[in-house]
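Heads up: the structure comes next, in structure tokens.
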Amino acid sequence: MKRRHITAILLAGVLTVSMLAGCSSQPGATQGDAAGDTQDTVADTGQEGNMATAEGEGATAPDAILSDVLMIARQGMFSSGGTVTEPVEGEYDPTTNWMDITRAGNTAHVDHANVFYQIPVNDNGNPIVYLHGYGQSRMGWMTTPDGREGWSDLFLKKGYAAFLVDQPRRGEAGATASMTMDGFLDTWAEDSKDYKPGDQAWYTHFRIGRVAPERYEGSQFPEGDEAQDQFFRQMTPNTGNFDQALDVAALGAVMEDVYEMTGNKAIFVTHSQGGAVGWDVPVENISAIIAIEPGGTPQPGSEQYQKLLEADIPIIIYFGDYIDNGPEDIMSTGFWKGVRDGAVQFAESYNADSGDCTVVNLPDEGITGNSHFMFQEMNNDVIADHIAAWLESKGLN
């Protein structure tokens with residue numbers, strides 16, 4: 001009982017500090033405020049044992065636990081962008097409402113992005129917008145298959161507010177007017193609603209191992225059946241066809257909302273298919289782009305390229321392992337080598353035109369064993385620190 005009592009007192013003290021800090025530096029009203037879903041809170045990510053060691057240390061106890069506690073001044077959710085469908089033909093009948101199977105007179109709010117945000121007490125004024133890749137949702141940034149801290153928590157502790165996006169027609173932004181019919185990429189069969197399996201295919205393509213559940217030698221991917229099970233259960237299908245122009249519009253609206261909410265441009269972190277979207281998003285509210293193994297890079301001289309160059313946006317692109325040393329008989333090895341080499345060529349051209357782009361091949365940095373999902377692997381903190389050092393070099397800390 002005594003141990004629990006002391007822990008409660010320490011957490012109460014931290015909560016007081018968090019709320020006072022939130023009152024002194026809280027950003028202006030948001031869509032989330034209007035809906036009543038903004039919260040003042042403290043997220044405790046430390047271990048009870050760490051707090052218990054403070055017993056008997058008097059006034060130093062709070063200091064002993066602060067480094068292990070994630071303190072959030074504000075958090076909430078909102079949607080950005082999207083459209084409203086035209087009313088179904090006919091007159092809406094409120095007496096039958098949902099029981100009218102024709103849905104006459106009804107509209108639907110569709111094709112928006114959904115954003116979960118957290119603003120830390122030690123906010124440094126450089127919010128990060130995270131955009132997932134194919135088959136994923138914001139969950140991938142928030143945790144790991146073995147339950148450790150994801151990048152959103154690691155960067156929150158460094159003072160970077162997190163704005164975690166589910167793209168239109170995915171995850172909590174799943175509302176759309178027509179179900180996907182893309183039978184090649186999407187997880188639904190083209191001519192029916194039958195689910196199309198793909199665990200093994202994506203596992204190989206993402207360079208975790210040759211065939212699940214094996215991992216490549218030296219892999220940083222979390223080991224064990226439970227971690228693999230958790231990873232596969234993150235996969236999230238599209239509800240409607242992937243539409244890059246639609247996603248670009250929605251992410252542009254996200255950037256506008258983040259700027260209005262914080263007063264600051266956002267660092268844009270993208271992954272895989274999200275990287276293709278990232279190059280097209282309007283640049284006026286973006287301070288930097290961090291692309292994690294994007295599916296491709298802009299062609300020098302293209303409209304995408306010129307837009308980024310004129311905006312003077314610093315860019316860094318990361319690639320993991322098993323590209324130069326991947327199995328030669330697997331098609332994906334050549335695919336990722338082509339993507340990586342294309343990024344190098346992009347950077348050379350961008351820098352020659354007075355831009356600022358760095359391509360990081362992690363094995364060249366002595367960081368080995370990473371797959372396409374480096375932000376979820378056992379050394380995700382090491383890579384986060386590498387990114388943080390780059391951000392600091394750009395004055396974004």
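The figures follow:
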read-out: Accessible area of Arg207 in the full protein assembly, 1.4 Å probe (Å², nearest 10); value: 10
read-out: Extended-chain gain in nm, criterion 0.36 nm per residue less alpha-carbon gap, Thr358 and Glu328; value: 8.1 nm
read-out: Total charge dipole magnitude, region 254-397, about the Cα centre, Cβ charges on Lys, Arg, Asp, Glu only, Debye to nearest 20; value: 60
read-out: Per residue solvent-accessible surface (Å²) - region 262-338, probe of 1.4 Å; value: 36
read-out: Magnitude of the charge dipole, region 58-178, Cβ model with Lys/Arg +1 and Asp/Glu -1, debye to 20; value: 440
read-out: Accessible area in the full protein assembly, largest first, 1.4 Å probe, for Phe221, Phe232; value: Phe232, Phe221
read-out: Relative contact order (%) - region 139-204, alpha-carbon pairs under 8 angstrom, separation at least six; value: 12
read-out: Among 334-342, 125-133, the order from most to least packed when residues are scored by Cβ within 10 Å on average; value: 125-133, 334-342
read-out: Part-to-part distance (alpha-carbon centres) for region 123-176 and region 248-306, which is given in Å; value: 15
read-out: Accessible surface of Met139 - all protein chains present, 1.4 Å probe, nearest 10 Å²; value: 80
read-out: Distant-in-sequence amide H partners of Ala266 (H built 1.01 Å from N, under 5 Å); value: Ile286, Ser287
read-out: Distance (nanometres) between label positions extended 7 Å along Cα→Cβ at Ser393 and Tyr259; value: 2.7
read-out: Label-point separation in nm, Ser302 to Gln200, each point 7 Å along Cα→Cβ; value: 3.4
read-out: Formal net charge of residues neighbouring Gly326 (Cβ-Cβ distance under 12 Å; K, R +1; D, E -1); value: -1
read-out: Accessible area (Å², 1.4 Å probe, nearest 10) - Glu392; value: 110
read-out: Violating pairs (Cα-Cα greater than 22 angstrom) within the set Lys157/Lys265; Lys157/Lys337; Lys158/Lys337; value: Lys157/Lys337; Lys158/Lys337
read-out: Share of carbon and sulfur in the accessible heavy-atom surface of region 115-199 [1.4 Å probe, %]; value: 54
read-out: Phi to ³J(HN,Hα) by Karplus 6.51 cos²θ - 1.76 cosθ + 1.60 over region 94-101, Hz, x for Gly, Pro; value: x, 6, 9, 5, 5, 7, 7, 5
read-out: Exposure rank, largest accessible area first [Lys307, Lys193, Lys158; 1.4 Å]; value: Lys193, Lys158, Lys307
read-out: Computed label-point distance, nm, for sites Phe184 and Ala108 using a 7 Å Cα→Cβ extension; value: 2.5
read-out: Calculated from backbone phi, Karplus (6.51, -1.76, 1.60) coupling profile of region 157-172 in Hz, x at Gly/Pro; value: 5, 8, x, 9, 4, 10, 10, 9, 9, 9, 5, x, 6, 8, x, 7
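The values are calculated or read from the model by the stated rules, or taken from the named source; none is laboratory data. Every value quoted in this text rests on a predicted model; they were computed, and no experiment measured them. No Cβ is skipped: glycine too gets one built from the backbone with ideal geometry, and neighbour counts run over all protein chains shown. The area values use the complete protein model at the heavy-atom level, side chains included, leaving out ligands, DNA and RNA. Shrake-Rupley method; radii C 1.70, N 1.55, O 1.52, S 1.80 Å.
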